[in-house]
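The values are calculated or read from the model by the stated rules, or taken from the named source; none is laboratory data. This is a predicted model, so every value here is computed, not measured. Cβ placement follows ideal geometry from the backbone for every residue including glycine, while neighbour counts extend to all protein chains displayed. All accessible areas refer to the heavy atoms of the entire protein, side chains included, with ligands and DNA or RNA removed. Shrake-Rupley method; radii C 1.70, N 1.55, O 1.52, S 1.80 Å.
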Amino acid sequence: MISLNIYNEYREKGLGEVIEYDTSDVEELVFYEGHPPYNWKTDEVEHADALKEFLSQYRVKKMSDDEWNTNVSKEKGFQVTIYLEDKIIMSTIYENRLMVLGSSSGSIFKVTNGPIDVEWVENYLKKHRN
């Protein structure tokens with residue numbers, strides 16, 4: 001049984017499975033580009049839907065701690081915090097890897113069909129935060 005759990009934990013899965021939320025439970029999304037303070041926050045369901053759809057196109061696989069290289073200075077990325085009715089999911093997402101806290105399968109992941117289109121997120125924020 002333990003080996004099955006380990007296999008399941010390290011299998012490739014959709015990013016939408018890792019950052020999983022019901023859009024009707026979202027109280028607020030807070031986006032950061034670079035470092036805080038936040039760049040944009042919203043409580044509109046349409047933005048939660050757009051983020052969920054965007055994330056669902058990517059596949060990820062859990063990494064071990066020793067695979068994670070903390071020097072991400074050359075990678076583009078963003079942070080998003082998803083405030084739900086009963087929990088908070090915090091994610092730092094780079095082009096080829098991500099860190100997720102607060103999700104049932106939270107940890108560090110590599111993107112297997114990337115890179116993640118960080119520019120799409122940047123353009124989405126520019127369009128909607130003004």
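Points to keep in mind about this one:
- Scanning region 89-104 for residues that are open to solvent by less than 80 Å² (accessible area, probe 1.4 Å) and either free of Cβ contacts under 8 Å to residues at least 24 places away in the same chain or not β-branched (Val, Ile, Thr) (or both) turns up 91, 92, 94, 95, 96, 97, 98, 99, 102, 103.
- Among the residues of this structure, residue 40 does not count as one that is of a type outside the set (Asp, Glu), touching a residue at least 60 places away in the same chain (Cβ under 8 Å) and open to solvent by 70 Å² or more (accessible area, probe 1.4 Å).
- Those residues of region 44-76 which are more than 19 Å from residue 96 (Cβ to Cβ), of a type in the set (D, E, K, R) and free of Cβ contacts under 8 Å to residues at least 24 places away in the same chain, in sequence order: 44, 46, 53
- A Cβ distance below 7 Å, combined with a sequence gap of six or more or placement on separate chains, defines the contacts here; from region 115-130, residues that are touching a residue at least 40 places away in the same chain (Cβ under 8 Å) reach residues that are assigned to a helix (DSSP H, G or I) in the pairs 120/54; 124/50; 128/47.
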